[in-house]
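Throughout, read-outs are computed from the coordinates displayed, never taken from laboratory work. Predicted, not measured: the structure shown is a model, and the values here were computed from it. A quick note on method: Cβ atoms are made from the backbone with ideal geometry, for glycine too, and the neighbour counts reach across all protein chains shown.
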Amino acid sequence: MDILSDTSPLLLVLALIVAFFIWGAGYKLYKLAVFFLGFLAGYMLCGTAISTFWPAPPVPSMIIQIVVGLAVGAVSFLVVKVGLFVAAACAVFMILSGLLEKLGMPGLIIAFASAVVAGFIATKADKPVIIVITGILGGFAIPMILYRLAGVVSFDTSFLPPEKSIVVLAVEVVLSVAGILIQFVSNREKSNE
């Protein structure tokens, strides 16, 4: 499920700004980041559940998805361990589901199981996990959003490698590592003062 495929340029620009903040200052913006991830997780999971098990709800499904998303986001914001679990699980699921997309259902099962394991591991540590998760999320989100934005504003991307190529994956990994390093350095300097 691709949540950015049909959005407006304004929403994509806002998503890009949020991705940059999460990438470079995720630990400082941790509470906001986990609210946002909790909202997305609740919204997407509820949408999948509605389309699978309840094809004709009495209320428009988007309203139900927004309410569930806000509830999961609020719980993630208020309960630190839940927020860590949701953030780690979302990060791992987002990355692995994209990488294992060609496997179909087995790939989704592997991504989901790995996401649950990552969520439990994340609840055992806080600062390093938050920095790594937000660095990876930002590093993978920035190129994805830029590709979507280029498509929406009719920018010629024919000279770029395909979005799901090894080159783009390498850029995502390098961006993720850079975001992690930036956050560790900036947060270490703050703690030494």
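Okay, here's what the table says:
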read-out	value
Base-10 log of normalised Debye intensity for segment 9-192 (one unit scatterer per alpha-carbon) at q = 0.10, 0.11, 0.12, 0.17 Å⁻¹	-0.43, -0.52, -0.62, -1.21
Length gained when the stretch F53-V167 is fully extended (0.36 nm per residue, less Cα-Cα span)	37.2 nm
Highest-first arrangement of 131-142, 68-79, where packing means the average Cβ count within 10 Å	131-142, 68-79
Packing-based order for 83-95, 170-182, using average beta carbon neighbours within 10 Å, highest first	83-95, 170-182
In order through segment 76-85: 3J(HN,Hα) via Karplus (6.51 cos²θ - 1.76 cosθ + 1.60), integer Hz, x for Gly, Pro	4, 5, 7, 10, 4, 5, 5, x, 4, 4
Inter-label distance for A125 and S186, nm, one decimal - labels placed 7 Å from Cα along Cα-to-Cβ	2.0 nm
Contour excess over end-to-end distance, with Cα ends at I17 and L160 and 0.36 nm allotted per residue	49.3 nm
Two-site label geometry, L32 and A74: point separation in nm, points 7 Å out along Cα→Cβ	2.1 nm
Semi-axes of the equivalent ellipsoid for segment 59-165, Cα gyration tensor, largest first, Å	27, 19, 16
